[in-house]
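Novice: Attaching a single structure in structure tokens format; questions to follow.
The values are calculated or read from the model by the stated rules, or taken from the named source; none is laboratory data. Computed from a predicted structure; not experimentally measured. Positions of Cβ are generated from backbone atoms using ideal geometry, with glycine treated the same way; all protein chains shown enter the neighbour counts.
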Amino acid sequence: MGTLEQTVETEEHHGPARGITRWLYTTNHKDIGTMYLWFSLIMFLLGGCMALSIRAELFQPGLQLMAPNFFNQMTTMHGLIMVFGAVMPAFVGLANWMVPLMIGAPDMALPRMNNWSFWILPFAFSMMVSTLFMEGGAPNFGWTFYAPLSTTYAPPSVTFFIFAVHMMGISSIMGAINIIATILNLRAPGMTMMKLPLFVWTWLITAFLLIAVMPVLAGVVTMMLMDIHFGTSFFNAAGGGDPVLFQHVFWFFGHPEVYIMILPAFGIVSQIIPTFARKKLFGYASMVYATASIAFLSFIVWAHHMFTVGMPLAGELFFMFSTMLIAVPTGVKVFNWVATMFRGSMTFETPMLFALAFVVLFTIGGFSGLMLAIAPADFQYHDTYFVVAHFHYVLVPGAVFSIMAGVYYWLPKWTGNMYHEGMGKLHFWLSFIGVNITFFPMHFVGLAGMPRRIPDYALQFADFNAVASVGAFIFGLSQLLLVYNVIQCIRVKRHTTAQVWEGAEGLEWTVPSPAPYHTFAQPPLVK
Amino acid sequence: MSTQSYYVPHQSRWPILASLSLFLMAIGAGGYINSLGKEEVSGFSGFSLLIGALFLAAILVGWFRNVIKESMAGMYSDQMDKSFRWGMSWFIFSEVMFFAAFFGALFYVRNLAVPWLGGEGEKGISNMLWQGFEAQWPLMSTPDMETFPGPKEIIDPWHIPLLNTVLLLSSSVTVTLAHHALRKNKRDAIVIWLAATILLGAVFVYFQAEEYVVAYEELGLTLHAGIYGATFFILTGFHGLHVTLGTFMLLVIWVRVMRGHFNPDHHFGFEAVSWYWHFVDVVWVGLFLFVYIL
């Protein structure tokens, strides 16, 4: 082992190791980011297949394809896989790739722990998916796993589900600690906090949310484990406990969790819109403060998920008004994005199309969220397809579209090649049309009273459900185009410049494309 | 802010092996727990849990040895030191939130759920389920005494728990004295104060175990004893596990002190453990107050 300088110098001449050990033993943020992104893509396709089996069953009333218990397993696994396997790892992958490049750091702060954070995930999800083949089937109590459905009435595989959640939690906490340490400690000289790109800011705040609430999730599944196997009565009123306690603890985790899945999306969109509008982001400081306010509010709104459990009136009112407050910082963000585009010289490449669709469709999801926030009205909407429509609008054309926007935006930087613009646009339009055909009709059947998580429905909902199922297959199949576009971009040599996009600004565009294995071994000076 | 150059470690086998052993542990624990109460306890699962745990312990030893060697070789800059500090601080924050979940559960059942069950408040209709149930805390008689027989008695806070409070608080003092001695480079004093801290921690764990035996055998205070027993054991149990872990960490530091690993300016390993120890101490004060006394 040499001195510091020698180590760095020899590192610079090192390319990646050969063979499989490159991926197993790596400490490189780019390798780990790539693995996170591929893992997330696989989970996205797997969770998508489950969604399609749900939509196939709901294509017409009556039971066609599967037994109700299997339908319940599909809704549960679809939710868990998409939240913990697809969306969260995709954002962590993007953070791994881009945060060090954006702040001028040589790597993540704790590179070995970074590897550990990633490699826990494939093991955790193998265990989770294997529950499908266990006696009694996979978890069937919904991704929110309310007690007593998940305790007294759960299949035996719930024990493995609990340990899988523990492993994901360990992974997320370590990943988040790493991101915070990187951002706080590894910025290049001159990169002050208020010069940080917005993607970095949103991830800093997201990482804080992760560290604050993933342990609470660990706590709630531990209490479940104790209730199921060791005779405690946390969620059982016969022993003085309360099933509603489960919902309080779960949603204390759950509400910050949904912002964990949207704040990095805000960051990505805030990077992309200025590039293609060829203007600086409007209201940078207000964007930072809005993100922080949303994060703060996320801790005091959790019970709006449980207006119908029988809370005291004071509770209903508090959670109603605090929830509506969130519209203020979110509105600041939407208006800032619009103001950034105002009088810009805009072009509409694939990343920009996804980002624009994000702004419009996420706002629709935000408005339906505002409707759900009104406690008396929520008594009507609760547990209907209106809720399903709401959170799919914020998660699919919200979080997922932002991930796709980010992938198209940074793919040339990762591979050194331009993707095929025409194919990218085709992917966008098919996704855009498919997503709206799938989820928009769910608002109508939901308001008309169709309950969620039921494999059959009354005849009057048939037409809209058939439409939604057609849309789901359009959306699902068009994701094969994403796979095709990514692989084509890696394989077909269409060399691109370091700058890639005419209007792009920031440190990540100063390094060559593809980004070398080691970047910023000597920190750049930011003016 | 970045200095001139930065140490990025080479490839490492530890993380993937650690993931594998976590996986073995999880599979094993799941299978083992599921087989409890059946005719045959799953031997394979128990084996997998044990092997996974042993592997993980061995890997952590190897991994930390690696880090210590790099640190001793002077490969860590001040900046790296700062990354470790941020890492440890946020890890402790995550632990705080883990305990917050259980404290939150305790406050909720005490102040809301149990009174509602007893018929208090506008929503207090749930007493129709268990007529005659009276809300009280500590909850000595549960709504369904057959399934969850409430405790006969609870732990008297002014005996073992008070003694444990004194033990743990003084251990916080001794670990600080050890830190001061380290700053002045008085090795003998460090060794003695650290040994005292470890001893206090170990005695605490012993008394805690003693308390559990009394609770189970004499007081009828068990995991099955309704919500009082559930919150009591989950809070004190996880705290006890953390004290045990902290004692092991102190032991490692003690050995490292004797091997001369630390100097007055450069001893983050020591500080990290002492932070952890203070955190465990603060949690105990919360426990003593909200679980035992109030």
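Novice: For segment A:192-212, give me each residue that is more than 7 Å from chain B (Cβ to nearest Cβ) and among the aliphatic types (A, V, I, L, M).
Specialist: Within segment A:192-212, A:Met193, A:Met194, A:Leu196, A:Leu198, A:Val200, A:Leu204, A:Ile205, A:Ala207, A:Leu209, A:Leu210 meet the criteria.
Novice: Identify, from the list A:Ala458, A:Ala448, the residue that is free of Cβ contacts under 8 Å to residues at least 40 places away in the same chain and either more than 30 Å from A:Tyr517 (Cβ to Cβ) or among the acidic types (Asp, Glu) (or both).
Specialist: On inspection, the qualifying residue turns out to be A:Ala448.
Novice: When the residues of segment A:234-265 are narrowed to those that are of a type in the set (Gly, Ala, Ser) and within 29 Å of the chain's Cα centre (by Cα), which ends up surrounded by the most Cβ atoms within 10 Å (Cβ to Cβ)?
Specialist: A:Ala265
Here is a yes/no grid of residues against (1) more than 9 Å from chain A (Cβ to nearest Cβ); (2) at pLDDT 95 or above:
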site: B:Gly62; (1), (2): yes, yes
site: B:Gly74; (1), (2): no, no
site: B:Met80; (1), (2): no, no
site: B:Ile92; (1), (2): yes, yes
site: B:Phe102; (1), (2): no, yes
site: B:Tyr108; (1), (2): no, yes
site: B:Met128; (1), (2): yes, no
site: B:Asp144; (1), (2): no, no
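Novice: Okay, next question. Exactly one condition in (1) of a type in the set (Phe, Trp, Tyr); (2) crowded, with 18+ Cβ neighbours inside 10 Å; (3) under 22 Å from A:Trp119 (Cβ atoms) is false for B:Phe55; which is it?
Specialist: Single failed check for B:Phe55: (2).
Novice: When you look at A:Phe276, is it farther than 23 Å from A:Met193 by Cα, buried (at least 23 other Cβ atoms within 10 Å of the Cβ) and either within 17 Å of the chain's Cα centre (by Cα) or of a type in the set (Phe, Trp, Tyr) (or both), yes or no?
Specialist: So A:Phe276 passes the test.
Novice: Of the conditions (1) of a type outside the set (D, E, K, R); (2) over 15 Å from A:Thr152 (Cβ atoms); (3) more than 7 Å from chain B (Cβ to nearest Cβ), A:Met224 fails just one. Which one is it?
Specialist: Of (1) of a type outside the set (D, E, K, R); (2) over 15 Å from A:Thr152 (Cβ atoms); (3) more than 7 Å from chain B (Cβ to nearest Cβ), only one is false for A:Met224: (2).
Novice: Test B:Gly28 against the stated conditions and say whether it is more than 7 Å from chain A (Cβ to nearest Cβ), surrounded by 20 or more Cβ atoms within 10 Å (Cβ to Cβ) and not in a loop (DSSP other than H, G, I, E, B).
Specialist: yes
Novice: Of A:Thr438, A:Thr519, A:Thr510, which residue is touching a residue at least 60 places away in the same chain (Cβ under 8 Å) and more than 24 Å from the chain's Cα centre (by Cα)?
Specialist: A:Thr519
Novice: Taking the condition under 21 Å from B:Phe288 (Cα atoms), of a type in the set (Val, Ile, Thr), within 14 Å of chain A (Cβ to nearest Cβ) and touching a residue at least 24 places away in the same chain (Cβ under 8 Å), does B:Ile160 pass?
Specialist: no
Novice: For the condition more than 11 Å from every other protein chain (Cβ to nearest Cβ) and either touching a residue at least 24 places away in the same chain (Cβ under 8 Å) or in contact with a helix residue (DSSP H, G or I) (Cβ under 8 Å, 6 or more places away or on another chain) (or both), what is the one hit in B:Ala57, B:Ala135, B:Ala53?
Specialist: The conditions single out B:Ala53.
Novice: Only one of these conditions is not met by A:Leu149: (1) surrounded by fewer than 24 Cβ atoms within 10 Å (Cβ to Cβ); (2) within 8 Å of chain B (Cβ to nearest Cβ); (3) not hydroxyl-bearing (Ser, Thr, Tyr). Which number is it?
Specialist: Evaluating A:Leu149 over (1) surrounded by fewer than 24 Cβ atoms within 10 Å (Cβ to Cβ); (2) within 8 Å of chain B (Cβ to nearest Cβ); (3) not hydroxyl-bearing (Ser, Thr, Tyr) leaves (2) as the failure.
Novice: Which residues, taken from segment A:320-343, are surrounded by fewer than 18 Cβ atoms within 10 Å (Cβ to Cβ) and among the basic types (Lys, Arg)?
Specialist: The answer is A:Arg343, and nothing else.
Novice: Further, regarding this structure: Which of the residues spanning segment A:57-102 are β-branched (Val, Ile, Thr) and touching a helix residue (DSSP H, G or I) at 6+ places or on another chain (Cβ under 7 Å)?
Specialist: Matches in segment A:57-102: A:Thr75, A:Ile81, A:Val87, A:Val92, A:Val99.
Novice: Where in segment B:32-128 are there helices (runs of 4 or more DSSP H), lying fully within it, with 3 or more residues that are closer than 25 Å to A:Leu225 by Cβ?
Specialist: B:43-72, B:78-108
Novice: Is there a residue being of a type in the set (Asp, Glu), part of a helix (DSSP H, G or I), at pLDDT 95 or above and over 19 Å from B:Gly87 (Cβ atoms) anywhere in segment B:274-281?
Specialist: Looking through segment B:274-281, at least one residue is of a type in the set (Asp, Glu), part of a helix (DSSP H, G or I), at pLDDT 95 or above and over 19 Å from B:Gly87 (Cβ atoms).
Novice: Here are the criteria: (1) buried (at least 16 other Cβ atoms within 10 Å of the Cβ); (2) modelled with pLDDT of 95 or more; (3) over 27 Å from A:Gly219 (Cβ atoms). Tell me which single one B:Gly119 does not satisfy.
Specialist: (2)
Novice: Continuing with the same structure: Say whether the condition of being outside any helix (DSSP H, G or I), out of contact with any Asp or Glu (no Cβ under 9 Å at 6 or more places or on another chain) and either surrounded by fewer than 24 Cβ atoms within 10 Å (Cβ to Cβ) or not polar (S, T, N, Q) (or both) is met by at least one residue in segment A:114-132.
Specialist: No: segment A:114-132 contains no residue that is outside any helix (DSSP H, G or I), out of contact with any Asp or Glu (no Cβ under 9 Å at 6 or more places or on another chain) and either surrounded by fewer than 24 Cβ atoms within 10 Å (Cβ to Cβ) or not polar (S, T, N, Q) (or both).
Novice: Further question on the same structure: Condition test on A:Leu317, is it within 14 Å of another protein chain (Cβ to nearest Cβ), modelled with pLDDT under 95 and loosely packed, with under 15 Cβ neighbours inside 10 Å?
Specialist: It is false that A:Leu317 is within 14 Å of another protein chain (Cβ to nearest Cβ), modelled with pLDDT under 95 and loosely packed, with under 15 Cβ neighbours inside 10 Å.
Novice: For segment A:218-233, give me each residue that is surrounded by 24 or more Cβ atoms within 10 Å (Cβ to Cβ) and among the hydrophobic types (A, V, I, L, M, F, W, C).
Specialist: Answer for segment A:218-233, where residues must be surrounded by 24 or more Cβ atoms within 10 Å (Cβ to Cβ) and among the hydrophobic types (A, V, I, L, M, F, W, C): A:Val220, A:Met223, A:Met224.
Novice: If I filter segment A:496-520 down to residues being buried (at least 16 other Cβ atoms within 10 Å of the Cβ) and within 14 Å of chain B (Cβ to nearest Cβ), which single residue comes out as modelled with the highest pLDDT?
Specialist: For segment A:496-520, the residue satisfying everything is A:Leu507.
Novice: Within segment B:177-194, track down each residue that is out of contact with any Ser or Thr (no Cβ under 9 Å at 6 or more places or on another chain), touching a residue at least 24 places away in the same chain (Cβ under 8 Å) and in a helix (DSSP H, G or I).
Specialist: B:Leu182, B:Arg183, B:Arg187, B:Ile190, B:Val191
A quick yes/no check of all residues on (1) at pLDDT 95 or above; (2) surrounded by 20 or more Cβ atoms within 10 Å (Cβ to Cβ); (3) of a type in the set (Asp, Glu):
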{"site": "A:Thr3", "(1), (2), (3)": "no, no, no"}
{"site": "A:His14", "(1), (2), (3)": "no, no, no"}
{"site": "A:His29", "(1), (2), (3)": "yes, yes, no"}
{"site": "A:Trp38", "(1), (2), (3)": "yes, no, no"}
{"site": "A:Leu41", "(1), (2), (3)": "yes, yes, no"}
{"site": "A:Leu46", "(1), (2), (3)": "yes, no, no"}
{"site": "A:Cys49", "(1), (2), (3)": "yes, no, no"}
{"site": "A:Ser53", "(1), (2), (3)": "yes, no, no"}
{"site": "A:Leu65", "(1), (2), (3)": "yes, no, no"}
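Novice: Considering only residues that are assigned to a loop (DSSP other than H, G, I, E, B) and more than 7 Å from chain B (Cβ to nearest Cβ), look in segment A:231-250 and name the one that is farthest from B:Pro143 (Cα to Cα).
Specialist: Ranking the candidates gives A:Phe235 first.
Novice: Among residues belonging to segment A:386-415 that are closer than 12 Å to A:Gln488 by Cα and not polar (S, T, N, Q), point out the one that is farthest from the chain's Cα centre (by Cα).
Specialist: Going through the qualifying residues, I end up with A:Pro412.
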